[in-house]
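Have a look at the structure below before the remarks.
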Amino acid sequence: MFAAPVAYFALVCIGLVLIRYPARRRTVFAGGSARIHGFINTLQGMFRAAIRLVATGLGFVRDGSAGISIPLIENRPIVISAIALALLPPLAVLALSQRTIFEFAPDDAPPDRKIAALLAGEHLTPPPPLPPAVFATTEVEMLRPSIGTASRDWNLLDGEFRQRLLTVFKLLEEQHGYQAVLLEGYRSPERQAELLLRGPSVTQAAPNMSYHQHGLAADVAFLRDGRLVISERDPWAMRGYERYGALAEAAGLTWGGRWKMMDFGHVELHHREALPDGRS
């Protein structure tokens, strides 16, 4: 896990020493035919010298201006270079990765043949809406406190996505006896911004950077004995999510249960043109 950061830090240190000490640089570049053992010793010495430079810089930060010394003043460009080389690349990677945290990679996998045949045949209609009280229980409020204001209007979903999701609902009930319920479908940019403020445990996507804003995503739970069951800690619900995920993937949808930050009830249909940067 830490091998890459350690290797990167070592390379930065070696590069800084090559810049700061010309003698070391000549040793490295003029020793192409030297023995490997001598070259390794040279690199080790360079690394130790770099560690001393970093330690000197840390001592300056700890002791304040009273700790300034002539070598440190002379090495100020090296210290600045060290900070830039150590921090800027990781920060750049983090900044770029924020746009593709878990849900924007395109997935063009076609649906399973049997499901494709169903999609080409019967045109499914959405189920009638459930009473609002179903979404207002104590359990639901604890797990999804904002679900009461969520949109469950099937007509706001993309037509192709709606048919695939309805097909998954149909097969899930026919084959496994689970009645799936739409918790949330279309989500406005304003609602997305509100959910983003609640923290990464709710969503990590900014407004217009979620498939919900394009009617191409849905959050789902199950109905058991007239009550909504959301928590995957319930073994019955977890089995349902697994079967739901398998059917969703067979229908060509992306299932959130496979993400690093798992979202078992979430599915989405990827379209390259859906998101503003064209990467979907």
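The values are calculated or read from the model by the stated rules, or taken from the named source; none is laboratory data. Fair warning: this is a prediction, and the values are worked out from it, not measured in the lab. Virtual Cβ from ideal backbone geometry, glycine too; neighbours counted across all protein chains shown. Remember, those area values only see protein heavy atoms, side chains included, never the ligands or the DNA or RNA. Shrake-Rupley method; radii C 1.70, N 1.55, O 1.52, S 1.80 Å.
The table for this structure:
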read-out	value
Rel. contact order, % - alpha carbon contacts under 8 angstrom, at least six apart, region 204-268	30
Accessible area in square angstrom per residue, region 148-280, 1.4 angstrom probe	44
Net lengthening on full extension, ARG239/ASN41 (0.36 nm per residue, minus Cα-Cα)	65.5 nm
Debye, to nearest 20: dipole size of region 156-277, +1 on Lys, Arg Cβ, -1 on Asp, Glu Cβ	220
Protein accessible area in region 155-244, 1.4 Å probe - carbon and sulfur %	46
Extension gain, ALA136 back to LYS114 (0.36 nm per residue minus Cα-Cα distance, nm)	4.2 nm
